[in-house]
Amino acid sequence: MTEFQLDPRHNVIIINPSEMPNDDDFELWAHLFLHAPALSISEFASGADRHQCRFSYAQQNFNLNFEHYSNSIWINGEGVEAEQLLAVLVHYFLTQMQQ
């Protein structure tokens, strides 16, 4: 089961999936992970050791980040208004997982 940890100190949501995606599979994993009615994916960027999927929720933009070397996944908001929605976004993810 995927676990979510809100880190208010760094203004991010730390995601601990039951199975970490491979570097080459992150784009597919991100699309599956973000497949929900209230979320809209806008773009995907891939680098040597870090990937990022930009998406929107409640008319705010967020980034789903994956760093290959540290094997870490997190979400950050773009701007103060988005950061204020991080706790709401965690609740949304948990609600979607229960359906």
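Structure data summary
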| read-out | value |
| --- | --- |
| Dipole magnitude (debye, nearest 20) for the chain, charges at Cβ of Lys, Arg, Asp, Glu | 280 debye |
| Å² of accessible area per residue within the chain, as computed with a 1.4 Å probe and no ligands counted | 61 Å² |
| Overall Cα dimensions of segment 28-99 - principal axes, largest extent first, Å | 32, 29, 21 |
| Nearest-10 value in Å² for the accessible area of His68, using the 1.4 Å probe | 70 Å² |
| 5 angstrom amide H check on Arg50, placed H, neighbours 5+ away | His68 |
| For segment 1-62, alpha-carbon Rg and Dmax in angstrom | 12.2, 31 |
| Ranked order, Leu32, Leu94, Leu85 - accessible area, probe 1.4 Å, largest first | Leu32, Leu94, Leu85 |
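The values are calculated or read from the model by the stated rules, or taken from the named source; none is laboratory data. Everything numeric here is computed off the predicted structure, so don't read it as measured data. Because the Cβ atoms are built from the backbone with ideal geometry, glycine has one as well, and the counts that use them run over all protein chains shown. Please note that ligands, DNA and RNA were not included when accessible areas were found on the heavy atoms of the full protein model with its side chains. Shrake-Rupley method; radii C 1.70, N 1.55, O 1.52, S 1.80 Å.
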